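What follows is a short report on a single structure.
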Amino acid sequence: MWKRHSIAAKKAAGDQEKARNYSKIGKIIQLAAKWWADPSMNPVLELALQKAKYYNLPRDVVDKAIKKWSWQLKGEDLKEVFYEWYGPGGVAVLVKTLTDNTNRTSANIRTIFFKYWWNLGEPGSVAWQFIPKWVFVIDAKFEMINDKWNLIEKLIPLEKEQAEEELMDLDIEDIDYEDWNLVLIVNKTNFSSIWQQLKDKFYHIIDSAIHYLPDNTISLSWEEEQQLSLLIENLENDEDVDSIFHNKK
């Protein structure tokens, strides 16, 4: 199983990291709202809002992100831009950014690579080794209960064996574990139907996005792994970097 490197892979610890993650999740919401600003009609936006709730984004940050794409506020022209290269030991790395200024982002990414003596590859030189899949991360089941005339969501811990058996009926390609969470890998074309079925079965989704999974993996030496980890750590600190994918075992 590949290791996820994204802003949703773990909760923020320090204030600086938290502020960076708020900005990144705000961009995800903003981009999702581009297609439809009503989450009841837009599953991608609904899942982005669920992620925001899980990471305790302030309501004003969420509202501002949605309004930027509904033209109630002036919004940036956000784009998905990918950068790719071969790193230590020949590992293939794909970096997904969300940016409103490609010149700034390219300069920042190149500076990080130059610092560690690696050069960016040409578009397509690495991406062909990765397959886009939709990934759902589930931490619990839920039920809606009435508390003093208010409907609130009550989370129920997962029984993993029971969940696996129940999920076998769905068109899921693979199930894995990340800490205490279930990670489901789904064909892109099945996203909407799987999302609806998970909701119908009361699964609590804390993250969902397209991930680029390696077609093959390679082994690195200890020194090469340290070089790659340092590079990834510095890339993750850039506000425009959304996700990082690689083919290290």
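Please treat every number below as a calculation from the coordinates, not as lab data. Worth saying up front: this structure is predicted, and the values here are computed from it rather than measured. All Cβ positions, even for glycine, are placed from backbone atoms using ideal geometry, and neighbour counts span all protein chains on display.
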>> Against the 2.2 N^0.38 Å scaling, with N counting residues, where does the stretch 104-249 land? I'd like the Cα-based Rg ratio to two decimal places.
In response: 1.32
> Using the per-residue mean of other Cβ atoms lying within 10 Å as a proxy for protection, in what order, highest first, do the peptides 127-138, 173-184 fall?
Replying inline: 127-138, 173-184
>> Between Ala19, Ala92, Ala209, where does the largest GNM mean-square fluctuation fall for the chain, given springs only between Cα atoms within less than 10 Å?
In response: Ala19
> Of Lys154, Lys188, Lys141, which has the largest mean-square fluctuation in a 10 Å C-alpha GNM of the chain?
Replying inline: Lys154
>> I need the helices of the chain that pass two filters: whole DSSP H segments spanning 18 Å or more by Cα along the axis, and mean Kyte-Doolittle score no lower than 1.0.
In response: none
> Can you give the alpha-carbon Rg of the stretch 31-111 over 2.2 N^0.38 Å, where N counts its residues?
Replying inline: 1.35
>> Bins of 10 Å, beginning at zero and ending with the bin holding the largest distance: percent of Cα pairs per bin for the chain, please.
In response: 7, 28, 35, 23, 6, 1, 0
>> Run the simple label-point estimate for Asp179 and Asp200 please: 7 Å along Cα→C-beta, distance reported in nm.
In response: 3.1
>> Taking only Cα atoms of the stretch 148-194, what ratio of Rg to Rh do you get with Rh as the Kirkwood inverse-distance radius?
In response: 1.09
> Per-residue HN-Hα couplings for the stretch 134-139, Karplus 6.51 cos²θ - 1.76 cosθ + 1.60 at θ = phi - 60°, whole Hz, x for Gly and Pro?
Replying inline: 8, 10, 10, 10, 10, 10
> If we count every other residue with Cβ under 12 angstrom of Lys199's Cβ, Lys/Arg +1 and Asp/Glu -1, where does the sum land?
Replying inline: 0
> Convex hull over the alpha-carbon atoms of the stretch 131-213: what's its volume per residue in Å³?
Replying inline: 96
>> Is there a quick way to get the dipole size of the stretch 131-213? I mean about its Cα centre, with the Cβ of Lys and Arg at +1 and of Asp and Glu at -1; what is the value in debye to the nearest 20?
In response: 420
